[in-house]
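Working notes, structure below.
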Amino acid sequence: SSSVNDDYSVQKTNDDASQSKLAAVKLGYWKDEFLARFVSMSSEGGRGVHRDPEISLGYWARITIIRHYVDLFLAKVGDQAQIISIGSGFDTLFWRIKSEGKKFTRYIEVDFSSVTAKKLRVIRRTNSSALSGLFREDAQENQHTDLHAGDYHLVGADLRQWAELKSKLEEANLDWNAPTLIIAECVLIYMSVSQSEELLSHLTKEFKNLALVSYEQTNVNDDFGRVMADNLEKRGLRLPGIEACHSIELQKKRLVESGFTNGTIDDMNSVFHKKLPAEERNKVLRIECLDEMELLRQSPMPSLSDWRLDQGATRPSHATET
Ligand code: SAM
């Protein structure tokens, strides 16, 4: 059976993620004053999307743990920090951390150019300074898909095409020597394992000081996972990454073979129970009267990887080095 996704179906997964996140934000799972501007552009118009409570809880855990690692990274490396979000979709993290006064040198978002073009239109049309007002410099557009604004860059590229990606990163003034965090939130899974391994290998070779936070589906080889895979296939989607990389052990092997030297991978169930603060966890569980068992029903259970090269950037225990 073929493991080729059509790019259009993959791009549409961003609408789904944005709408689900907005539904959770509206219920108070977390704060995001920027997301609604982007979601109203997407296919369902962002109106009245309903998600089951355990889906919202899963999204909360996902964005909270990623934010946790971003904060650790920024605390460790200071204002030299460079962040690259691959397959960023309509993610709003740049605006959330910037509006909180976090210091970093540049934040680069990469997605297919059809997705970046939509994001760019929202940024351009938002006439209040709510989005562009947070950029360090006036925005310069390129080909209606790319935008450069000092500390914020949005570029269209196919992550499976290294030469194209590399030149787009260089157009964004990327510094290969600066401490860099790559965020891959629910992205690598849409590529084949050899494609994601190739991408990660290029990144570990080119950067001197690199960390990675990756969230992706895991443990698909159970009944729930197969039902989900069947449902996705009806929408023209496959998760080729999962077919060969379906367990934590295999994901770890891929990271090591790509050149990463140390880090952790946890399934989201243990992230939820062991890494997220109990007080916040109990607060979000109360929003829709869930009990702690609910997240366990998520399947396939995704995982969260926090890895780096030897010179690693994110470890808080190194925070006293200068
Ligand atoms: N990271 C965002 C988030 O978590 O809200 C969006 C996640 S969405 C499920 C996956 C995103 O990855 C989509 O925006 C899709 O277009 C992008 N993507 C997948 N494969 C890609 C590729 N080969 N090149 C560029 N972008 C890709």
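Throughout, read-outs are computed from the coordinates displayed, never taken from laboratory work. Bear in mind that the values here come from a model prediction, so they are computed numbers and not experimental data. Note that each Cβ is placed from the backbone with ideal geometry, even for glycine, and that neighbours are counted across all protein chains shown.
Quick notes on this structure:
- When D32, D175 are arranged by Cβ crowding within 10 Å, least crowded first, meaning fewest neighbours, the order is D175, D32.
- Bridge type composition, the range 7-318 - antiparallel percent by DSSP, nearest 5: 45 percent
- Long-range amide H partners of E109 with built H, under 5 Å: S85, H153, L154, V155
- Approximate spin-label separation S167-L290, in nm, with each point projected 7 Å along Cα-to-Cβ: 4.5 nm
- Length gained on full extension, K253 to T126, computed as 0.36 nm times the residue gap minus the Cα-Cα distance: 41.4 nm.
- Overall form of the range 22-142 per C-alpha gyration tensor (a/c, 1.5; a/b vs b/c): oblate
- Packing-based exposure ordering (other Cβ within 10 Å, fewest first) of K21, K168: K168, K21
- Gain upon complete extension [I55, H144; 0.36 nm per residue less C-alpha separation]: 28.7 nm
- Exposure proxy for V284, V213: other Cβ atoms within 10 Å of each Cβ, ordered fewest to most, give V284, V213.
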